[in-house]
Amino acid sequence: MYRREKSIALRSSSSALYNNLSVLRPPHKPVACLGAVHGPTVTVVSAGGDAAGCAQRQLQARAGGGASLVTQAAWCVLPARILLVLTCQKGIQMYESDGSIMVYWHALDVTEHPPGMSSGMVLVFDIPPKGTNITVSEVLKEHHDAITDIAAELGQAPDGAGDVVTADDAGMLCVWSSGEEFSLLNRISAFGWTCSSVRLWNGIVAAGYGNGQIRLYEAATGSLRAQVGAHARWIYALDLAPATGKLLSGAEDSFVHVWQLSRNPDTDGVEIEHCHAECVTDTQICGACFCDPEGNSFAVTGYDLSEIFCYSQA
């Protein structure tokens, strides 16, 4: 069971974007920051202390002298550094983890939208341990529809399972193996609904769709292992707790659900069990993230709401 904690007030509300909440969970440290997008602005909240007194910083995506609508904001935890990445209609901005310094700006043609783009291309960047010498090392061109989400392996990938998955607006998924160059392992076909959010854990691809379904696939083969009618309306966000395999889902139906993913040791089958349901009354959920690797707490954003709802395990 989870109980509602004190909410965190935001300087601006949250836009109706997929996965419109990002939480920075540095390795072996408590949650450090939370971020949500509103129009051309990203509000970054520094965690710690009283919820009402959390320090906030607002970042604006600007290009060509004017504001540009932000389409996504997320922290990328790399082996040697952590970057806050903003994608907008005109390009990609990368900041130090607290948002204090912009270290890179990548301009795009006005007809293309990042991070994966509306054309379906996915940009791969080479990030040095420090400094600003960031370069585009590769462009992946398997998708033909706008990219909706990109996820890296959160657990321990079995041999041959791949470690990155990308999703697009038509509902197709691509599973990749990273290295000196990315190699495509398999494509998971669309079935008529947008895949709005995707996660990868221990070789299991968890995908949320516009029809309210969560589908679980084997990353190594692309085979469907389980599916559940999780929500009555469009799923906007998924998250996984890497230490336990808990799955968090949030949707337009005002519900947030917690699930447990596992593999049956006898059959190696993929199993999903419902653990908790939380109704955030009269709220169109647009972001949901665990705040710790075990999944003992989570945070939720809602469309046009100027606060982040926080929950912890009782």
Only unsatisfied item for Gly295, checking (1) part of a strand (DSSP E or B); (2) of a type in the set (Gly, Ala, Ser); (3) open to solvent by less than 10 Å² (accessible area, probe 1.4 Å), is (1)
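Can you tell me which of Arg187, Arg199 is assigned to a strand (DSSP E or B), loosely packed, with under 15 Cβ neighbours inside 10 Å and on the phi < 0 side of the Ramachandran plot?
Arg187
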The lone condition Gly179 fails out of (1) touching a Gly at 6+ places or on another chain (Cβ under 9 Å); (2) open to solvent by 50 Å² or more (accessible area, probe 1.4 Å); (3) more than 23 Å from Val256 (Cα to Cα) is (1)
From Asn211, Asn202, which residue is farther than 17 Å from Asp149 by Cβ and touching a residue at least 12 places away in the same chain (Cβ under 8 Å)? Asn202
Picked from the stretch 206-232 (must be of a type in the set (D, E, K, R) and either at pLDDT below 95 or over 19 Å from the mean Cα position of the chain (by Cα) (or both)), the residue least open to solvent (accessible area, probe 1.4 Å) is Glu218
Counting just the residues of the stretch 9-33 that are modelled with pLDDT under 95 and out of contact with any Ser or Thr (no Cβ under 9 Å at 6 or more places or on another chain), which one comes out nearest to Gly250 (Cα to Cα)? Arg25
Given the stretch 224-269, what strands (runs of 3 or more DSSP E) lie entirely inside it while holding 3 or more residues that are free of Cβ contacts under 8 Å to residues at least 40 places away in the same chain and farther than 24 Å from Val77 by Cβ? 224-229, 255-263
Residues of the stretch 15-45 being without any contact (Cβ under 8 Å) to a residue 40 or more places away in the chain, crowded, with 21+ Cβ neighbours inside 10 Å and of a type in the set (S, T, N, Q), which ones? Thr43
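The values are calculated or read from the model by the stated rules, or taken from the named source; none is laboratory data. These figures come from a predicted structure and were not determined experimentally. For neighbour counting, all protein chains shown are included, and Cβ atoms are generated from backbone atoms with ideal geometry for every residue, glycine included. Keep in mind that these areas ignore ligands, DNA and RNA; they rest on the heavy atoms of the full protein, side chains included. Shrake-Rupley method; radii C 1.70, N 1.55, O 1.52, S 1.80 Å.
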